[in-house]
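What follows is one structure encoded as structure tokens, with my remarks underneath.
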Amino acid sequence: MTALSTGLALIWFAGFWLLTRDKAPNLWRLFIGMIACIIGVGIAAAGIWPMITAGYPDDSYWTLGIAGRAGALGISLFGMVGVFWLFAVKTRIISSLRTQVSGTACALFDIAIGMLVFGVVLTVSPQVFYTFYQFIFEGLPSQWVIDGLFDTPHLQAIATFQANANLADHIAGVVLWAIVPFTVWLHLQHWWRG
């Protein structure tokens, strides 16, 4: 299944590149690029397919009411769009250095910075969600829920799509890996258009 899913993902990314290579990235195309990269990684991550088809039945997301689920989904989507927009701005700045450094070095540096930014966002996100939960559940105390910066075992679990992971970890894993094709796509756009 992994060879099949990887092959399908590569076909997906090649098709996306062929459709977008001659078009300058604007806000709409950046959004489409984010969605395409997330779908491509979702195709490649065959390990999460059984959980997706099962609907994550034991996930705590389903204990929320309709408004709580909508709010959590809205926060997640807003966060993803914001992070990918930040990545696009970061890539534009780093791409301006291409005259002094090779394009490959710029892209690798850009991906590394993107992973670092993702780690910071992943570290801070529990506090954002906890603050949201304080509005939903009465009596939750005001407290700091961030354990520390860069929880390495948690990052490893997210990056490897553990079968027993929850919905939030699988979404985070897909977004983590979508950084790579998104950043490469932006650098290829810069290179293709000169």
>> Can you find, within the stretch 83-96, the residue that is nearest to L188 (Cα to Cα) among those that are surrounded by 15 or more Cβ atoms within 10 Å (Cβ to Cβ) and out of contact with any Asp or Glu (no Cβ under 6 Å at 6 or more places or on another chain)?
In response: S95
> Given the residues Q127, Q143, Q162, which is the only one that is on the phi < 0 side of the Ramachandran plot and in a helix (DSSP H, G or I)?
Replying inline: Q127
> Which condition number in (1) surrounded by 16 or more Cβ atoms within 10 Å (Cβ to Cβ); (2) within 21 Å of A172 (Cα to Cα) is the one that T2 fails?
Replying inline: (1)
>> Step by step: first the residues of the stretch 146-159, then only those that are open to solvent by 60 Å² or more (accessible area, probe 1.4 Å) and in a helix (DSSP H, G or I), then the one that is farthest from W62 (Cα to Cα). Which residue is that?
In response: T152
> Out of the stretch 97-112, which residues are within 22 Å of V83 (Cβ to Cβ), open to solvent by 50 Å² or more (accessible area, probe 1.4 Å) and modelled with pLDDT of 80 or more?
Replying inline: L108, F109, A112
> If you take the residues of the stretch 53-80 that are among the hydrophobic types (A, V, I, L, M, F, W, C) and touching a residue at least 60 places away in the same chain (Cβ under 8 Å), which of them is nearest to A178 (Cα to Cα)?
Replying inline: M80
> Looking at the stretch 167-174, is at least one residue closer than 28 Å to T63 by Cβ, charged (D, E, K, R) and either open to solvent by less than 40 Å² (accessible area, probe 1.4 Å) or in a helix (DSSP H, G or I) (or both)?
Replying inline: yes
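The values are calculated or read from the model by the stated rules, or taken from the named source; none is laboratory data. Just so it is clear, the structure is predicted and the values come from calculations on it, not from any experiment. Positions of Cβ are generated from backbone atoms using ideal geometry, with glycine treated the same way; all protein chains shown enter the neighbour counts. For accessibility, only protein heavy atoms count, side chains too; no ligands or nucleic acids. Shrake-Rupley method; radii C 1.70, N 1.55, O 1.52, S 1.80 Å.
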